[in-house]
Amino acid sequence: MSGKADVVVGLQWGDEGKGKVSYLLSRGAEAVARFQGGANAGHTVMLNGVRHKFNMLPAGSLAGARPVIAAGCVLDVEAFRREVEHLRGFGVQAFPLVSRAVHVVLPLHRMVDGRLEELRGGAAIGTTLRGIGPAYADKMLRLGVRAGDLAEPGHTASKASLLQKIHGMGFEVDLEGLRKVVEPFLGDVSGYLNEVLDSGLRVVLEGAQGTLLDIDHGTYPYVTSSNTVAAAGFVSTGIPVQRHGRIVGVMKAYTTRVGEGPFPTEITGPLAEALRERGGEYGTTTGRPRRVGWLDIPALKHACRINGVTEIAVTKLDILSGLDEIRVCVRYLLDGSEVDVFAEALPWLGRVEPVYEVFRGWKPSAGEWVQAVRHGWDALPPQVCEYLGWLEKTLNTPITIASVGEEAGMTVLRESIR
Ligand code: IMP
Ligand code: MG
């Protein structure tokens, strides 16, 4: 029987905990592919007290699945080199595979990213300054240097010189150094992944950022420069869409956003600070404090729909512990009228008022979380079950994974997917 490609995507503005979920899903998979973005991502897996951080490789590779960088990514060669070494040091043997078509982020792209942010002034996006937008822009202009080009030094040098002229910026780049790192890993990603599936094995497609940062479906222009939705995983890897398996949407039990842009359920003050501290809500890549807020149902419905999620993973339920009440935005008020369709509110998202429903909080001891991990879903605190049950019904999607601690093992899995 043919294998399937399972997808992991973020349903919010990134940092939902995709790293951990991808790790769990990648156990027993043959390969795991990052399909968009670059070293702007920060995917973390905490394994036996050791925190593993990935910016470029799929976090699922820690589970032993072969790491793949698919065509739709932009490759940060230094981050790639570092993480390949990290995996080796950890004893992971799988040999990474990099698409020849993936575009390389050059020092010039970081300079342009920084310069653009400066020029935007008050309208800055708050990018990670990793050169992501400029690298994708050059790809679309058909100017970019692809990983496969690095193997042909003369060709690459003339491309690099054209890039300097067009951007009006000089830059130093050690193309030979980049070639040495990347060349051994180059290969045919689409051919490989389709053969893995043909042989009946499973593949995981690991998304980065989140649906609300999608270049087409997010809060443009306050978005990243790629499609972050599940369908992009198929475009990028060259796996046909009908080979999809589970499409797991990952959402935090609350919301965070790093960078600028509208955020209707944002909260400030002591509660926001407490959640930020407790949840370690600082950018993995940039260290910036993340903005914090309640769940946003219209936004989540939008995300579930356009990803076609077959199931949801809810993370960081433990971080909400100790609150008397938990709020969830169920619709918006826009100039006095109620709106519950995200896409309708989107052009005015900066000035909608959230309408909240209030839930009872929970306050289990550390031991009670461990009991739930051991004994399963029904051992979760009743208020958590109430919250998750309501979310399942409202989003019309089963919740199969509940994360109650940073450790990979601190996860309650529904029977069906154990
Ligand atoms: P860029 O992707 O660096 O161009 O940044 C564009 C926007 O996406 C900014 O608001 C960033 O903070 C945000 N962003 C990019 N990558 C991530 C991520 O992995 N997690 C959360 N936000 C991200
Ligand atoms: Mg992150």
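The values are calculated or read from the model by the stated rules, or taken from the named source; none is laboratory data. In this text the structure is predicted, and so the values were computed from the model without any measurement. Glycine gets a Cβ as well: all are built from the backbone with ideal geometry, and neighbour counts include every protein chain shown. All accessible areas refer to the heavy atoms of the entire protein, side chains included, with ligands and DNA or RNA removed. Shrake-Rupley method; radii C 1.70, N 1.55, O 1.52, S 1.80 Å.
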In whole Å, largest first, the alpha carbons of the stretch 218-291 cover along the principal axes 48, 26, 24
The rounded separation in angstrom of the Cα centers of the stretch 299-363 and the stretch 149-215 is 36 Å
With only helices counted (DSSP H, runs n ≥ 4, each -39500 (n - 2.57)), the per-residue ellipticity at 222 nm for the chain, to the nearest 500, works out to -9500 deg cm²/dmol
Charge dipole of the chain built from unit charges on the beta carbon (Lys, Arg +1; Asp, Glu -1), centred at mean Cα; most positive-end Cα among THR394, PHE185, GLY293 is PHE185
With +1 at each Lys and Arg Cβ and -1 at each Asp and Glu Cβ, the charge dipole magnitude of the chain around its Cα centre, to the nearest 20 debye, comes out at 620 debye
For LYS165, counting only aspartates and glutamates whose alpha-carbon sits under 14 Å away and dropping same-chain residues fewer than eight positions off, the answer is ASP138
In vacuo Debye sum over C-alpha of the stretch 27-108, base-10 log of normalised intensity I(q)/I(0) at q = 0.12, 0.15, 0.18, 0.24 Å⁻¹, listed in q order, is -0.30, -0.47, -0.68, -1.20
Among LYS4/LYS252; LYS139/LYS316; LYS4/LYS159, the pairs whose Cα-Cα distance exceeds 30 Å are LYS139/LYS316; LYS4/LYS159
Percent antiparallel among DSSP beta bridges confined to the stretch 306-418, nearest 5, equals 80 percent
The Rg/Rh figure for the stretch 331-418, Cα atoms and Kirkwood Rh, to two decimals is 1.11
For the chain, dividing by residue count, accessible area per residue (probe 1.4 Å) in Å² works out to 40 Å²
Taking only the Cα positions of the chain, the convex hull volume per residue in Å³ is 137 Å³
Kirkwood radius from Cα pairs of the stretch 205-350 plugged into Stokes-Einstein at 25 °C, 0.890 mPa s, gives D in µm²/s equal to 150 µm²/s
Whole-percent carbon and sulfur contribution to the accessible surface of the chain (1.4 Å, no ligands, DNA or RNA) stands at 52 percent
Note on the chain, DSSP bridge orientation, antiparallel percent to nearest 5 equals 45 percent
Over all Cα pairs of the stretch 14-151, the Kirkwood radius sets Rh, and Rg/Rh then becomes 1.00
Using alpha carbon centers only, the stretch 8-46 is separated from the stretch 374-402 by a whole-angstrom value of 22 Å
The farthest towards the positive end of the charge dipole of the chain, of the residues GLY283, GLY322, VAL84, given +1 on Cβ of Lys and Arg and -1 on Cβ of Asp and Glu, is VAL84
